[in-house]
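Asker: Pasting in a structure now, in C-alpha cells, and then I'll have a few things to ask.
The values are calculated or read from the model by the stated rules, or taken from the named source; none is laboratory data. Predicted, not measured: the structure shown is a model, and the values here were computed from it. Ideal geometry is used to build each Cβ from the backbone, glycine not excepted, and the neighbour counts take in all protein chains shown. Quick note on the areas: whole protein, heavy atoms, side chains included, nothing else; ligands and nucleic acids left out. Shrake-Rupley method; radii C 1.70, N 1.55, O 1.52, S 1.80 Å.
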Amino acid sequence: MVQKDKGAWAWVPVLYFTQGLPYILVVSVSVIMYKKLGISNADIGFYTSWLYLPWVLKPLWSPFVDLKSTKRNWFLSMQLLISIALLGVALTLPTNIFFVTSLACFWMAAFASATNDIASDGYYMIGLTEKKQSFFVGMRSTFYRLAMVTGQGLIVILAGFLENYYGDNTKAWSITMTCTAFLMLLLTLSNFFVTPKYETSLAIPQDKPASFLEVFASFFNKPHLGMALAFILTYRLGESQLVKMASPFLLDDASAGGLGYSTEAVGTIYGTVGVIMLSIGGILGGILISRDGLKKWMLPMVLSLNVPNALYAILALTNTTNVVAVVGTVVLEQFGYGFGFAAFLIFLIYTAEGTSKTSHYAIATGFMALGMMVPGMISGYIQEWLGYGGFFVWVVIAALPSLLLLKYIKYPADYGKKTVPTNE
C-alpha cells in the first residue's frame, strides 16, 4: 500500500514545474511569438486574452474532475494533450492561416492546462499529509517559478537565437514550439513514473459537498460579496493590460514608439532578473503578511503593484532605450507585482472561507482570471489609439478603482497571520 508523502521530493517539483510551463507559454510567450510573426498589437491583446477563458470557467468543470477517474489520470491525460497542442502550434505556423490555427491549438493547451491545475492541486492535497503540504509549499512555488524562467527566459532566448541563425522568424518559432512540445512530453513521462497511485492504493473517498448548485449558492450568499468581487475584478486592472503590451513595447521599432530590443534580450530580461525579482517580492510579501496580518500591508501592496507601472510611461514618453533604465524598470515592476500579489492571494483565500472552501477558491480565482481577460482584450486597441506613452499613463490611472474600493471591503485586520501564500 502506498503511504501518503511517499516520493514527494521527486513528484512535487516535477508536477509543479509541469503546471507552470503551459500557463506561461499560453499567457506570455504567445504574445512575444505573435509580435515577432507580424500580428498587430490590437489582435495580440484581444485574441491572446481570450486564452484566459478556461481559467475563468474552470470552476464549472472542477466537480467533474473530482467525480470521474483519479486526479493522477486527469493530469497525465491533460499534460499529454498539452504536448499535442503545442506540436499543433509548431506545425501550423508555416501555413497561410497560422494565426487562426495556432490560436485554436493554444486554446486546447489553455483548456488542458486549466484542467491540469485542478487535478494537480487535488493530487497535492490527497498525496500529502497536512504537515507536508505546508512543508512543500515553498518547493511547489519555487518550481512553478522555475517553469516561468524556462518559458519567458530560455524558450524565448532559444527562439531569438534561431531567428538570428535562420533569418526566418516563422521557421525559428516553429522549431522552438516543436522543442517545447517535446519538453512537455518528457515532463508528462516523468510525472507518469514519479507520481504514486495514491487514490487507488488508499481508496481515498471523494469530498462531495452537498450539490453543485448549492456550492455556487453558498458562495454568492457570502456577506459583503459584491464589494469583494468588485475588488477582485479591479485589483489587477492596470497589470492585466500592461502584461499584454510590455513585451511588444520592448520589441517594437522606434518608429512605432517601441524600444527596438531583440527577442533574446527580452527573454533574458524577463526570464532571469524579472522572474527572480518576482519571486523575491512574493516571498517577502508572504513573510510580512504572516507576521503582521493583511490589514497593515494591503495599501502598500496595492501601491507596489501599480506605482512601478509609471516607469514604463516614463520610458515611452522619453524614448529611453538605456539598458540600465529598461532593466531597472522591469526589475521594479516585477518585484512590485510579486509583492503586491501576495496580498491579493490572501484576500482570495479569505473570500473562500467557510464550507466548500476548495470550490469557493476555484470560483474566486475564476473571477480573478476574468479580471485579467477582459481588460487584456482591449489593451491592444487602447495602445494603438493612445500610443505607448498614453497607454502606459492609462495603465497607471487604472489603479484608481482598486484603491477607492479599499475602504469598502471587509476582512479581519489580522487575517493572514501564519498563512503562507503559494505565489502561483
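Asker: Please go through region 12-53 and pick out each residue that is farther than 29 Å from GLY387 by Cα and crowded, with 22+ Cβ neighbours inside 10 Å.
Answerer: VAL12, LEU15, TYR16, THR18, GLN19, GLY20, LEU21, PRO22
Asker: Next question. Could you check PRO63 against (1) open to solvent by 10 Å² or more (accessible area, probe 1.4 Å); (2) within 19 Å of ARG140 (Cβ to Cβ); (3) not hydroxyl-bearing (Ser, Thr, Tyr) and say which number it fails?
Answerer: It is condition (2) that PRO63 fails.
Asker: Now for a separate question. Can you name every one of the helices (runs of 4 or more DSSP H) wholly within region 320-420 that holds 3 or more residues which are open to solvent by less than 50 Å² (accessible area, probe 1.4 Å) and touching a Pro at 6+ places or on another chain (Cβ under 6 Å)? Show your work before the answer.
Answerer: Values: elements: 323-351, 357-397, 400-405.
The helices (runs of 4 or more DSSP H) meeting that bar are 323-351, 357-397.
Asker: From the list GLY260, GLY282, which one is in a loop (DSSP other than H, G, I, E, B) and either open to solvent by 20 Å² or more (accessible area, probe 1.4 Å) or under 22 Å from TYR52 (Cβ atoms) (or both)?
Answerer: On the way: GLY282 fails: in a loop (DSSP other than H, G, I, E, B).
GLY260 is the lone residue from the list that is in a loop (DSSP other than H, G, I, E, B) and either open to solvent by 20 Å² or more (accessible area, probe 1.4 Å) or under 22 Å from TYR52 (Cβ atoms) (or both).
Asker: So, one more: Which condition from (1) aromatic (Phe, Trp, Tyr); (2) open to solvent by 20 Å² or more (accessible area, probe 1.4 Å); (3) modelled with pLDDT of 85 or more is the one that PHE212 breaks?
Answerer: (3)
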